1. Would it be correct to say that residue 255 is more than 29 Å from residue 181 (Cβ to Cβ), out of contact with any Asp or Glu (no Cβ under 7 Å at 6 or more places or on another chain) and either surrounded by fewer than 16 Cβ atoms within 10 Å (Cβ to Cβ) or not small (Gly, Ala, Ser) (or both)?
2. Quick check on the stretch 164-185: of everything there that is in a loop (DSSP other than H, G, I, E, B) and among the basic types (Lys, Arg), which residue is farthest from residue 107 (Cα to Cα)?
3. From the list 68, 85, exactly one residue is closer than 30 Å to residue 126 by Cα, modelled with pLDDT under 95, out of contact with any Lys or Arg (no Cβ under 8 Å at 6 or more places or on another chain) and surrounded by fewer than 17 Cβ atoms within 10 Å (Cβ to Cβ). Which is it?
4. With the condition kept exactly as written, say whether any residue in the stretch 112-120 is at pLDDT below 95, closer than 24 Å to residue 175 by Cβ, part of a helix (DSSP H, G or I) and more than 14 Å from the chain's Cα centre (by Cα).
5. Quick one: which of 292, 302 is at pLDDT below 90 and either over 30 Å from residue 163 (Cα atoms) or surrounded by fewer than 19 Cβ atoms within 10 Å (Cβ to Cβ) (or both)?
6. Considering only residues that are of a type outside the set (Lys, Arg), part of a loop (DSSP other than H, G, I, E, B) and farther than 10 Å from residue 221 by Cβ, which ones fall in the stretch 231-252?
7. From the residues in the stretch 281-305 that are over 30 Å from the mean Cα position of the chain (by Cα), among the small types (Gly, Ala, Ser) and part of a helix (DSSP H, G or I), which one is farthest from residue 241 (Cα to Cα)?
8. Can you tell me which residue in the stretch 10-33 is nearest to residue 50 (Cα to Cα), limited to those that are in contact (Cβ under 8 Å) with a residue 24 or more places away in the chain and loosely packed, with under 14 Cβ neighbours inside 10 Å?
Amino acid sequence: MSNLEQLERDAESLERMGELEAALECWRRLTNSNPSRYFLVNQGRLALKLGLLEEAEGVLLSAVAASPTDAEAYFRLGLLYLRKPDLPAAIDNYRRGLEFEESPAARLLLATAEDDAGFSREARENFEKVIAIEPDNDEAWFGLGLSLRFDDSERAENCFRKAIELEPRLSAAHRELGFRLWSKGLLEEAEQSLKTAVALDSSDAWAHSYLGRVFVSLQRFTDAEREFLCAVDAWPERAYFYCELAEIYEITGRIDDAETAFLTALSRESDGSHSNLKFGRFLIRQGQPERAAPYLREAAAAPRAPDPAGSSGDKS
């Protein structure tokens, strides 16, 4: 057995034992001795696993240069760019890899990245290709539902139901189904779906937010406040949830608390249209148009972002 063969066996053995840093050092020594595609991809794979993104990127690009038609290096680069994140680079590498080898797992990640980047039509086509190969792939059904959520709500709802049928513990599918049921006025069904989502993943801020909206529709304001507080706790950097909390405080007559929550939202998103618009309208309702004016001007001048409602983008 040659020295390289022994070193490769050592790398594989160390990795099986969980000694990842030592295994990576073996792969480094292998690529220094023989920078073949196989050794480079394995060094890049393990460096990526350890979060060493710069090292992983360098060796995976070398692997592509060494073997431009090998799909695995492109797929690993796609995953790396998803983690950076750099969606355009991730999409480009997944597309290039799929030119050379079909991989439902890689195509699913490509479709998810495309949907996150706003390429809903392309994402939809790729989710459908995954489903054609793997009809029981719950993640593909869920992703297809997300890609349809703005264009075909009924079909999106059916996709979320199919994902739940295949994987009843897929919390995000329960969340998205619950949102669609709420938007149709099916409040009891929506409540059950969203309670299931929260039970499966209590850290999902959007599930708490959507459940809070159901409770507002049912005029169960104490329950709504609890859910909006949970959303804030789960994602304290997100201004949107503070605005929802503020509006509940206003509904229940707690005006000072409402203003405090709006100001907290603005501290998270001082140049955003949503928080400025919501606070400005609140001040108008409180009979303070002069105070409202600069916030409304700021809202009008800010880039118009899509309404966050129903677009959590969370694929978990």
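1. Details: more than 29 Å from residue 181 (Cβ to Cβ): yes; out of contact with any Asp or Glu (no Cβ under 7 Å at 6 or more places or on another chain): yes; either surrounded by fewer than 16 Cβ atoms within 10 Å (Cβ to Cβ) or not small (Gly, Ala, Ser) (or both): yes.
For residue 255, the condition - more than 29 Å from residue 181 (Cβ to Cβ), out of contact with any Asp or Glu (no Cβ under 7 Å at 6 or more places or on another chain) and either surrounded by fewer than 16 Cβ atoms within 10 Å (Cβ to Cβ) or not small (Gly, Ala, Ser) (or both) - is met.
2. Within the stretch 164-185, the match that is farthest from residue 107 (Cα to Cα) is 184.
3. Details: 68 fails: modelled with pLDDT under 95.
It is 85.
4. So far as the stretch 112-120 goes, yes, one or more of its residues are at pLDDT below 95, closer than 24 Å to residue 175 by Cβ, part of a helix (DSSP H, G or I) and more than 14 Å from the chain's Cα centre (by Cα).
5. Values: 292 fails: at pLDDT below 90.
Only one candidate qualifies: 302.
6. Residues of the stretch 231-252 that are of a type outside the set (Lys, Arg), as a first pass: 231-237, 239-252.
Those still in the list that are part of a loop (DSSP other than H, G, I, E, B) too: 235-237, 252.
Residues satisfying the conditions are 235, 236, 237.
7. That would be 293.
8. Within the stretch 10-33, the subset in contact (Cβ under 8 Å) with a residue 24 or more places away in the chain is 11, 15, 20-21, 24, 30-31, 33.
From the residues that got through so far, the ones that are loosely packed, with under 14 Cβ neighbours inside 10 Å too are 21, 33.
On the way: 21: 8, 33: 22 Å.
It comes out as 21.
The values are calculated or read from the model by the stated rules, or taken from the named source; none is laboratory data. What you see is a predicted model, and the numbers here were worked out from it, not measured in a lab. Cβ coordinates were reconstructed from backbone atoms using ideal geometry, including for glycine residues, and neighbour counts include every protein chain displayed.
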